[in-house]
Amino acid sequence: MWEIKHSRSASFYDRFERKGGNTEITHYCPGCGHGVMQKLIAEAIDDFGIQDRAILVGPVGCSIFMYYYLDVGNISASHGRAPAVATGVKRARPEAVVFCYQGDGDLAAIGGNEILHAANRGESITVFFINNGIYGMTGGQMAPTTPLGQRTTTSPRGRSFEVEGPPMRMCELLATLDGPAYIERVALTNARQNMRARKAVRKALRNQVEGRGFSFVEILSPCPSGWKVPPEEANRWVEKYMVPVFPLQVFRDLDHSDRLPKGIDVSKGGGIPFAADPPVPAAEAPEGGSVARGTIGEEALTLSGFGGQGVLFAGMALAEGAMREGLEVTWIPSYGPEMRGGTAHCHLRLSRQPIASPWISRPTSLIAFNQPSIGKFAHAIQPGGLLLANASMVKEVPDRKDIRIVRIPSYEIASELGSAKSTNMVMLGAYLELTGAVDQESILAAFVEKGTRPGMLESNRRAIEAGRRAAVEAEQA
Amino acid sequence: MADRGDVIIAHHLCKGCRLCIVSCPAKVLEQGTALNQQGYCAALYRGSGCTGCGICFYVCPEPGAITVRVRKLGEGKPAA
Ligand SMILES: Cc1ncc(C[n+]2csc(CCOP(=O)(O)OP(=O)(O)O)c2C)c(N)n1
Ligand code: SF4
Ligand code: SF4
Ligand code: SF4
């Protein structure tokens, strides 16, 4: 005789499994706006049938645990970085419905930069900005959005124009940019306003499904604990102290679907769930550390040495050569503040498949230019992998039988050629010989493209070839 | 006349914030006096008068605390 009209959304997990918490209820304080908002989002995801392609990019703040509640894809971004992460996810997965959920500390303070640029680029993402005018999670510090006069632990006399500056209005700020398609501010104060918020949430998600462009909804949201008032009063507080500062209105409502990159069919997500995507083959276990050119599965190479040894440059040269051969490539450097001395290393991935992460914790190959590099990375080389050591500086190599270890006196070799500086090219040449990862001509062609002088080019060629010969000799020895 | 709506409040999931109580236009919700497992005095339905408007659901922050039901179409009349 009864039918259910409103109940717990299917897009919530049945149980909220989390460390040390009650698995049946959220961790939010009584009367917190986060709970209301997440119900609205879950309901919209249910109603639009997008649970399988919705990806939450979560914040740091009270709602960081949101991934324990919403049963959708999720990534927890560093504090404030959700729009940058969402940009990457959306570009890699245009059929996904990618949404950021961020507090005012997260979005307007530490992440102010990310949101401005994502909005300016008009990324096809949805951003929910939960503005409670305070840092809730850390115990009620002032936020960029705290209204004037409000006392917080870091504005104990009340925020003043002179000392802390006036509150920032993010909708108004973003509305100065051409990128966003939709910008609206709503408030959670009573049933009527909550229904407006519901409408905005749905519109912002639907916009993305329809490819209409960057959508931003600011939600003025009660934080009874941070404000130290009971829940009912917190709702009135939003009305009394926040709405006058942050007017509720639609700031922008456009259709930017004409700006979508060509060749991207956002509607495709409707019919093709992720599960139907062609499976990405697992990276082939490289034989002998690396696989010969043409059959390379995935090479995860770490190059490490002192700053000034040309470690990063050698990695970059390899990356450039690999790109010319049509491989997927990532190169990330890491170095100290010193121009000379100090340590430097870079991680390089070469693959025939799109690369999920540029980070390498288990290299298939390590090129160690100095002794400290051995201590730092040699233990992590994958079994069957390669350790190529610069014997001029590496006196001790690990006692590992499960990897191939090749030592090249590259400094002496380079000095003999009359250019001690090309130690790095000697090492690179040896690496090319041992793995066949990339054709040396591709690397030299990249040098030419970059305007390397003919004399320098010749010297690099000689160094690479000397490295190759040394590798053959070392293997025969 | 029989009620159009019915509300079920999950006693053990309620945090006693009172937002549903103050928002219900029919004023059919109240706060109980017994503490639940979480230490909150959960909201209670008086047992009649719910219109099924759903307002309590949309002001409640807790995903599973409130379920609102309405009478199936064609069953508006009181049962004999
Ligand atoms: C890099 C970094 N800086 C600072 C912090 C401390 N921190 C945690 S949450 C937070 C602010 C949370 O405020 P808000 O984004 O408004 O979310 P709320 O908790 O109010 O929902 C800060 C500063 C952190 N975790 N990481
Ligand atoms: S501190 Fe504020 S924002 Fe955080 S859970 Fe409690 S009420 Fe919500
Ligand atoms: S559905 Fe409406 S009438 Fe029924 S309890 Fe909820 S708010 Fe009150
Ligand atoms: S709004 Fe929800 S949590 Fe708050 S008293 Fe009502 S049922 Fe309980």
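Every number here is computed from the coordinates shown, using simple stated rules; none is lab data. All values derive from a computational prediction rather than experimental measurement. Note: ideal-geometry Cβ built from the backbone for every residue, glycine included; neighbour counts use all protein chains shown.
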Quick one: 3J(HN,Hα) in Hz for segment A:390-403, Karplus 6.51/-1.76/1.60 with θ = phi - 60°, rounded, Gly and Pro as x.
7, 4, 5, 10, 9, 9, 10, 10, x, 8, 10, 8, 8, 10
Please work out the FRET efficiency for the pair residue A:196 and residue A:399, using the Cβ-Cβ distance as r and a Förster radius of 45 Å; give the result to the nearest 0.05.
0.05
How far is helix A:82-92 tilted off the main Cα axis of chain A, in degrees rounded to 10, range 0 to 90?
60
Along the charge dipole of chain B, pointing to its positive end and built from +1/-1 on Cβ of Lys, Arg, Asp and Glu, which listed residue (B:17, B:51, B:33) has its Cα farthest out?
B:51
So if I take the centroid of the Cα atoms in segment A:453-477 and the same for segment A:22-78, what is the distance between those two points in Å?
56
For segment A:122-271, state the semi-axes of the equivalent ellipsoid (square roots of 5 times the eigenvalues of the alpha-carbon gyration tensor), sorted largest first and rounded to whole angstrom.
33, 17, 12
Among DSSP beta bridges lying fully in segment A:298-476, give the percent that are antiparallel, nearest 5.
60
Cβ neighbours within 10 Å from other chains - mean over A:152-163
0
Assuming R0 = 56 Å, can you tell me the calculated FRET efficiency for the pair residue A:450 and residue A:172, based on Cβ-Cβ distance, to the nearest 0.05?
0.80
Just tell me how shielded A:231-242 is by partners: mean number of partner chain Cβ atoms within 10 Å of each residue's Cβ, no decimals.
2
Per residue and in cubic angstrom, what volume does the convex hull of the Cα atoms of the protein assembly as shown have?
204
Top positive-direction residue, dipole computed over segment A:298-476 with Cβ charges, set A:346, A:430, A:410
A:346
Descending packing, highest mean Cβ count within 10 Å first, for A:32-43, A:431-442 is A:32-43, A:431-442
Per DSSP H run of at least 4 residues, take -39500 (n - 2.57); add these up for chain A, divide by its residues and hand me the 222 nm value, nearest 500 deg cm²/dmol.
-9500 deg cm²/dmol
Sequence-distant or interchain residues sharing an amide H contact under 5 Å with residue A:58, placed H: which?
A:75, A:76, A:77
If you take each beta carbon of peptide A:183-190 and count the beta carbons of other chains within 10 angstrom, what is the mean?
1
Quick one: of the DSSP bridges fully inside the protein assembly as shown, what percent are antiparallel, nearest 5?
50
J(HN,Hα) series, segment A:444-458, from Karplus relation 6.51 cos²θ - 1.76 cosθ + 1.60, nearest Hz, glycine and proline x:
5, 5, 5, 4, 4, 4, 7, x, 5, 5, x, x, 5, 4, 4
In whole angstrom, largest first, the equivalent ellipsoid semi-axes that the Cα gyration tensor gives for segment B:5-70 are 18, 12, 10
Determine the dipole magnitude for chain A: charges of +1 sit on the beta-carbon of Lys and Arg, -1 on that of Asp and Glu, nothing else is charged, the reference point is the Cα centre, and the result goes in debye to the nearest 20.
960
Taking the Cβ-Cβ separation of residue A:228 and residue A:2 as r and a Förster radius of 51 Å, what is the calculated FRET efficiency to the nearest 0.05?
0.80
Go through segment B:4-19 residue by residue and turn each phi into a ³J(HN,Hα) via Karplus (6.51, -1.76, 1.60, θ = phi - 60°); whole Hz please, and just put x for glycine and proline.
6, x, 8, 10, 10, 10, 6, 3, 7, 9, 7, 9, x, 6, 6, 4
When the dipole is taken about the Cα centre of segment A:31-100, and only Lys, Arg (+1) and Asp, Glu (-1) are charged at their Cβ, what size is it in debye, to the nearest 20?
380
Which of A:452, A:22, A:365 sits closest to the plus end of the dipole of chain A, meaning its Cα is farthest towards the positive end, when Lys and Arg get +1 and Asp and Glu get -1 on the C-beta?
A:22
Roughly how many debye, to the nearest 20, is the charge dipole of chain B about its Cα centre, given +1 on each Lys and Arg Cβ, -1 on each Asp and Glu Cβ, and no other charges?
160
